[in-house]
1. If a residue must be open to solvent by 70 Å² or more (accessible area, probe 1.4 Å) and either touching a residue at least 12 places away in the same chain (Cβ under 8 Å) or acidic (Asp, Glu) (or both), how many such residues does the range 46-58 contain?
2. Out of everything in the range 94-124 that is buried (at least 18 other Cβ atoms within 10 Å of the Cβ) and hydrophobic (A, V, I, L, M, F, W, C), what residue ends up being nearest to the chain's Cα centre (by Cα)?
3. Just the residues that are among the polar types (S, T, N, Q) and under 12 Å from the mean Cα position of the chain (by Cα), please, taken from the range 77-93.
4. Hey, among the residues in the range 59-74 that are within 14 Å of LEU106 (Cα to Cα) and over 12 Å from the mean Cα position of the chain (by Cα), which one's surrounded by the fewest Cβ atoms within 10 Å (Cβ to Cβ)?
5. Report, by residue number, each residue of the range 1-38 that is surrounded by fewer than 16 Cβ atoms within 10 Å (Cβ to Cβ), closer than 16 Å to PHE68 by Cα and either touching a His at 6+ places or on another chain (Cβ under 9 Å) or of a type in the set (A, V, I, L, M, F, W, C) (or both).
6. Filter the range 17-48 down to residues that are part of a strand (DSSP E or B) and small (Gly, Ala, Ser) and give me whichever is farthest from the chain's Cα centre (by Cα).
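The values are calculated or read from the model by the stated rules, or taken from the named source; none is laboratory data. Worth saying up front: this structure is predicted, and the values here are computed from it rather than measured. Note that each Cβ is placed from the backbone with ideal geometry, even for glycine, and that neighbours are counted across all protein chains shown. Accessible surface areas use protein heavy atoms only, side chains included; no ligands, DNA or RNA. Shrake-Rupley method; radii C 1.70, N 1.55, O 1.52, S 1.80 Å.
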Amino acid sequence: QVQLVESGGGLVQAGGSLRLSCAASGRTSSSVAMGWFRQAPGKEREFVAAIRRSGGNTYYADSVKGRFTISRDNAKNTVYLHGNSLKPEDTAIYYCAASYSIGGYLAPSAYAYWGHGTQVTVSS
């Protein structure tokens, strides 16, 4: 089992920045990748970013590319999501997820474990 706990959400003004953290515990050493997804009211959960545990390859949704950065600290079993130049459309619940699959990191189906999410609200 793996437990994922997100933190760092809150209210941010448009143009501002945020840093989300995801602390993992349990069977974390065998995870292949970690990802961030988000879900806005009335919308489907969408991919934001992912990072492979080995090699550190990163993947980003077009909507956040150039504004968001995903990083990880394997020693602390923590993954981070830094966001800059935030927009009201970034408002959503942000979820951290752990994948034990090879590839397909843009799809929720690639992830076996999920956190409960943290709310990010960007005011205009």
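1. 2
2. The selected residue is CYS96.
3. Narrowing the range 77-93 to residues among the polar types (S, T, N, Q): 77-78, 84-85, 91.
Passing the criteria: only THR78.
4. My answer is ASP62.
5. ALA14, SER17, ARG19
6. Narrowing the range 17-48 to residues part of a strand (DSSP E or B): 18-26, 33-39, 46-48.
Remaining after also requiring small (Gly, Ala, Ser): 21, 23-26, 33, 35.
Details: SER21: 8, ALA23: 11, ALA24: 12, SER25: 16, GLY26: 18, ALA33: 11, GLY35: 5 Å.
Taking the candidates together, the pick is GLY26.
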